[in-house]
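In what follows, a structure is listed as structure tokens, so that the remarks can point back to it.
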Amino acid sequence: MVEVFMDNKFIGTVTDGKKFSEDIIAQRREGKFPLEMNILYQEDTDQVFVETSRGRTIRPVIVVKDAKSTITAKHLEQLQKNEISWTDLIKQGIIEYLDPAEEENAYIAFTEEDLTAEHTHLEISPLDILGLCTSLIPFGQFNQGVRLSQGSKNQKQAVGFYATNFFNRIDMDVNLLHYPQVPIVKTIMHDISNYEQHPSGQNVVIAVMPYDGYNMEDAVVINRGSVDRGLGRSTYFRPVVSEELRYPGGLMDEIVVPNKDVKGYRTEKDYRFLEEDGIVSAESKVKEGDVIIGKTSPPRFLNSGDEYNLTSNIRRESSMALEHGEKGVVDLVLLSENEEGNRLIQVRLREQRIPEIGDKFISRHGQKGVIGMVVPEQDIPFSENGMRPDIIFNPHGLPKRMTVAHLIEMIGGKVGALEGRYIDGTTFGSEKESDLRAALESLGFKEDGTEVMYSAITGRAYTARIYIGNMYYQRLKHMVANKVHSRARGPIQLLTRQPTEGRAKEGGLRLGEMEKDTFVAHGASLLLKERFDSDKTVVPICEKCGMIGVYDSRKNKSYCPICGDNVEINNVELSYAFKLFMDELKSFGIYPKMLLKSEYE
Amino acid sequence: MESKLFKEYENQLPKRIIEDIKEAVPEKFSESKLKKVLELAREEYVNSLAEPGESVGLVAAESIGEPSTQMTLNTFHFAGVSEMNVTTGLPRIIEVLDGRAEISTKMMQIYFKKPYSEGKDIKKIAESIKETTLREYIQEISIDVAEAQMSMTLKAEKLARVDIKPGQIIKVLEKSFPKGYQFRPSKDDDHTIMLKSTSKEDDLNNLYKLKEKVQDVYINGIKGITQVLPVKRGDEYIVVTAGSNLKDVAKLEFVNFDKTVTNDIFEIERVLGIEAARQAIINEVLKVIDEQGLNVDPRHIMLVADTMSGSGTVLGINRYGIVKEKPSVLARASFETPIKHVINSAISGETDYLRSVIENVMINQVVPTGTGIPKLVVKTGKKAKN
């Protein structure tokens, strides 16, 4: 008796599990069962599992019968002529979907040549094992697996051409590449996914060599000439949104240029870009502190008695202004209404982003790096025929990471650029490396892709031949302009009197626990004290009860609220955080008594 | 060599260094030259001493902690000589420094006296050390349902190897099951033991349970040692074991106990004392660090081992161990479970004298190490008059 389970519930028994599952599969191919239904016969436990639940990953494969693929030349011909479609193949039982469980009983051939009598299925394409992003990596079969994952992960962050209606859209954090290109070295997935419609990189000339240490540790050196001609140039869009909220009692926000007696009025200068309606004029160049949308709100708390109180009727300032470090040009002003019927003002800011030191670039093989130096074009090494690379990539990034495809793509790109054609770099189905090399040789270059190059500074030829070629490079959305931050003084937190945290709040850079340890290890006690005195305070402490006293500035004298005037009170310098800690202890009923001792006794 | 000069330096140099110099200097050596040597040694010695206020503990912590972060990245398991899977790498270091009483893989390396160390009967000896239960000597075990009796056929060959007679096994079984059961050898085969219940009401169910119990009876070997493996180390044959029992191994006369080691620090503490445990900590940590190809000055580890064993028992570096011993409330509270420490010290009315580093960082005062130690005292005019 073979137990049959459906979606992990016992439903009955059959005599021959193997035959039963084969029957079900045959009937599914005929269309009598849903195609998402999968069946597994587990031989060792003699059980049959039928799965119809959601959440299983299923994938299509070609059915094999008698060591022959059921898909014939005729099918392919019809497919090409668009006479039949994918669904027709499924209906005919040529293609079926397997889930991980049913795959256990399947024996799937990688290519048609591999087929034997034992095989049950055939892979539609070996590329099938890769996802969309990973199939966009050319010559993937030459790369280490990790590099493929990293390469596809990073491609998603590439600055590109995300939508053709970008001009009418207001999206958060958008980067738009100015001159996007389709890669010379393509894969089949570029065609399938309409990559021409939304490319996200550029074909650059890249030389593999160090450059005075400016490209060490994965950095890249970039040619200023190329940058000036538009390489990697992009625009950053960011919306500023504000809403006229309604409050109880018929009160509401007002989009205006705030009146001077509004509570929290900034300076007149901050409102200078606002038009009469309280919104910035388009194409004005704004920077941090400038108000984009002027707004006032009703007072926060309304008491019954306040109606006669003049001061309480003053409205609050609640404008949208650019935060610390932000700047841009007002690109678009959009007035609309949201779901609740409130007036909604959306302002889109635009900022051109020219590649600079610290911006992140990546090839499609997980070889990411930041710009270490933008070198004037006259200082970039050149080849015999005067070719200057756009990017100089450090060879030390290659051996350990074993991204062989990076090197092959360079040869492929070179051949493609010289022959004026696209190179097919589809993983498992790419053009042969040897063919590319031969093509390069016939074009009058060395077949290994190297060229004699000259230092632009000395004019001498380098002793080593430099590997140079074309490849597809992408600029990633991580730009220094969004990340640079420093502070010497600035805002502090109310509770602890310590510096605020984070770039947006102009915060301090934390000197953490382990960094503190290095000070101690060096014996730099006094320096350590100075580093941590951001929240130091002077507190009068009563010698009698050990509690914090009060300083009376009118009498210029301290007294203790518990013991009175006639006790000795001394000022002690300590961190405010510690004073706060003592207060917390008091709040849960612990009496922290401070015992004072003179330092000089 | 003997000289009066040595006496002069007795208080300035450690005894060990003086001894070393005594041995190293040639017999005919002028006094003036010896003076120079001793003076040079003294200078070197003074220079290599840690200065007052040096944060030795913190430097030790950093020196061990930094390479440990690299260890996490390349945790590979040792597919060593033995098929035994021994915890190494960072997990092992954590285990040692945490002072865990129950370590994950206990292991011994047993050395032997001659001629066994040369490989004589090494397999037999190894087998005799291993803790063996009856299960391993049983060829076949079956229950006769009709007669309500069980018969066990023993592996004659295996028994012969360790010199155990079936009669002895019966005696052991009778000891383990003193009541209710009868054991006797079978009539036709002396390596078959028949087992029968003496009480007639006893049902078959019990017999089945007994079948499992009987097989777990301890027969011979050393308790706690679950696996043995004879290995050749250099010229010597040793036995590597999984499981550890230092005390019982010491009783075996053919064992060279001077060289035999275990990786169970607490067992070493119990059997050999705290000084041995300290050395074991050093050895265990150094072993891991060497295995990983890292380089840590042993003196850092010695300091850690000293801290762990200084109280007379092995304490781990955690909130139950050495942190608990810290005198400062604030220092303890800043480590782990602050509320517990604050409340308990409030109940007992503890005083914190702010004598170590972390408390002073908390209240933003000069920490008492390095430049925080020297103090300048000036008599002010007012006080001078008094």
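The values are calculated or read from the model by the stated rules, or taken from the named source; none is laboratory data. Everything numeric here is computed off the predicted structure, so don't read it as measured data. Heads up, the Cβs are rebuilt from the backbone with ideal geometry, glycines too, and the neighbour counts pull from every protein chain shown.
Some observations on this one:
- Residue in the range A:453-473 that is in a strand (DSSP E or B), at pLDDT 95 or above and touching a Leu at 6+ places or on another chain (Cβ under 8 Å) present: yes
- Criterion (in the same structural domain as A:F428 (by TED's automatic domain parsing) and either over 30 Å from A:R343 (Cα atoms) or assigned to a strand (DSSP E or B) (or both)) met by exactly one of A:V241, A:V221: A:V221
- Taken over the range A:216-266, the criterion of being more than 30 Å from A:L398 (Cα to Cα) and under 25 Å from the mean Cα position of the chain (by Cα) is satisfied by A:T235, A:Y236, A:F237, A:R238, A:P239, A:V240, A:V241.
- Checking each residue of the range A:476-488 against the condition of being modelled with pLDDT under 95, in a loop (DSSP other than H, G, I, E, B) and touching a Ser or Thr at 6+ places or on another chain (Cβ under 8 Å) gives no match.
- If you go through the range B:331-342 and keep only what is surrounded by 14 or more Cβ atoms within 10 Å (Cβ to Cβ) and either within 11 Å of chain A (Cβ to nearest Cβ) or closer than 16 Å to A:S587 by Cα (or both), you end up with B:A333, B:S334, B:P338, B:V342.
- Selection count where residues are part of a loop (DSSP other than H, G, I, E, B) and within 11 Å of chain B (Cβ to nearest Cβ), scope the range A:514-545: 4
- Some residue of the range B:26-42 being outside the structural domain of B:V367 (by TED's automatic domain parsing), under 36 Å from the mean Cα position of the chain (by Cα), not in a loop (DSSP other than H, G, I, E, B) and not small (G, A, S): no
- Every residue from the range A:321-371 that is basic (K, R) and assigned to a loop (DSSP other than H, G, I, E, B): A:R364
- Any hit, the range B:199-208, residues being under 29 Å from B:E95 (Cα atoms) and either at pLDDT 90 or above or crowded, with 18+ Cβ neighbours inside 10 Å (or both): no
- Check on B:V162, of a type in the set (V, I, T), surrounded by fewer than 17 Cβ atoms within 10 Å (Cβ to Cβ) and closer than 26 Å to B:N256 by Cα: yes
- The helices (runs of 4 or more DSSP H) falling completely within the range B:200-277 that include 3 or more residues that are over 20 Å from B:Y111 (Cβ atoms) and out of contact with any Phe, Trp or Tyr (no Cβ under 6 Å at 6 or more places or on another chain) map to B:204-215, B:265-272.
- With respect to the stated conditions, B:K247 is at pLDDT 90 or above, surrounded by fewer than 17 Cβ atoms within 10 Å (Cβ to Cβ) and either among the basic types (K, R) or in contact with a Gly (Cβ under 9 Å, 6 or more places away or on another chain) (or both).
- Test: residue in the range A:579-588 that is surrounded by 12 or more Cβ atoms within 10 Å (Cβ to Cβ), farther than 30 Å from A:S486 by Cα and within 9 Å of chain B (Cβ to nearest Cβ): yes
- If the condition is being loosely packed, with under 15 Cβ neighbours inside 10 Å and either among the aromatic types (F, W, Y) or under 43 Å from the mean Cα position of the chain (by Cα) (or both), then the range A:36-58 contributes A:E36, A:T52, A:S53, A:R54, A:G55, A:T57.
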